[in-house]
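Asker: My structure is below; once you've seen it, I'll send some questions.
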Amino acid sequence: MYAIPLGGDAANGGIRAELRPLEPWQAEEFLAHIDRGREFIGQYIGLADLIVDLDASRSYLHSYAEKAAADTGRICGIWLDGRLVGGVLFRTMDVNQGTAEAGCWLEPSAVGKGLVTRAVRVLIDWAVEERGIHRLEWLVSAANEPSIAVARRLGMTKEGVLRAGYLHRGERHDIEVWSVLAAEWRAAKREVEED
């Protein structure tokens, strides 16, 4: 198993953050994490409504293990001082078409530390450089300002709005579509490296 540091201890105020695969054997830890942040996580995404018990947790993680085996998706957890506090994923990934849709979630204790931005950077860089993904999408509720801020920090471009495009907890949400292309991603990395 691998663990990728997310910015180092100094960048996190002495807190150690890591990105690691999130696998079916971690179903109990995943459920406990969702339980800690259920209402916060469930504001804009359905994950909190899906992971209601240990069987659902195991099944969800197993579905992503199958996606990883088929090269159609990935899921990674974000650990802060050894505790699972969130995650990032490729909800969909089509290597033949060169497209992927990224997503994220956090429990309240991990908000405001830049963890999602750093974790998604790792995921996007892997997708572009290792898997040849050309276009990465970020679909987000128009009301979810923190997630929109992540898209901006990642250098994504807002392409439009799918009006009333997502039904969540009985309410229709407008969905903003953000994306970054591989050439844009690489150009932005070069700028950072040259500074």
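The values are calculated or read from the model by the stated rules, or taken from the named source; none is laboratory data. This is a predicted model, so every value here is computed, not measured. Methodologically, a virtual Cβ is constructed for each residue, glycine included, from the backbone with ideal geometry; neighbour enumeration extends over all protein chains shown.
Asker: Filter the strands (runs of 3 or more DSSP E) completely within the stretch 12-129 down to those with at least 1 residues that are surrounded by 15 or more Cβ atoms within 10 Å (Cβ to Cβ) and among the β-branched types (Val, Ile, Thr).
Answerer: 74-80, 83-94, 99-106
Asker: What are the pairs with Cβ atoms under 7 angstrom where one residue, in the stretch 157-172, is hydroxyl-bearing (Ser, Thr, Tyr) and the other, located anywhere, is modelled with pLDDT of 95 or more and assigned to a loop (DSSP other than H, G, I, E, B)? Sequence gap at least six, or different chains.
Answerer: As it stands, the answer is none, since no pair meets every condition given.
Asker: Right, here's the next one. Take Leu80 and tell me if it is under 25 Å from Trp126 (Cα atoms) and over 13 Å from the mean Cα position of the chain (by Cα).
Answerer: It is true that Leu80 is under 25 Å from Trp126 (Cα atoms) and over 13 Å from the mean Cα position of the chain (by Cα).
Asker: Now for a separate question. Residue by residue through the stretch 173-195, note down the ones that are farther than 23 Å from Ala119 by Cβ and touching a residue at least 40 places away in the same chain (Cβ under 8 Å).
Answerer: Selection gives His173 alone.
Asker: Can you find a residue in the stretch 105-117 that is over 29 Å from Val161 (Cβ atoms) and not basic (Lys, Arg)?
Answerer: So far as the stretch 105-117 goes, yes, one or more of its residues are over 29 Å from Val161 (Cβ atoms) and not basic (Lys, Arg).
Asker: Which of the residues belonging to the stretch 136-195 are among the acidic types (Asp, Glu) and surrounded by fewer than 18 Cβ atoms within 10 Å (Cβ to Cβ)?
Answerer: Glu145, Glu159, Glu171, Asp174, Glu184, Glu191, Glu193, Glu194, Asp195
Asker: Output the number of residues of the stretch 151-185 satisfying the condition of being outside any strand (DSSP E or B) and within 20 Å of the chain's Cα centre (by Cα).
Answerer: Final tally of qualifying residues: 9.
Asker: Next question. Exactly one of (1) touching a residue at least 12 places away in the same chain (Cβ under 8 Å); (2) over 25 Å from Leu167 (Cα atoms) is unmet by Ala70. Its number?
Answerer: The one condition Ala70 does not meet is (1).
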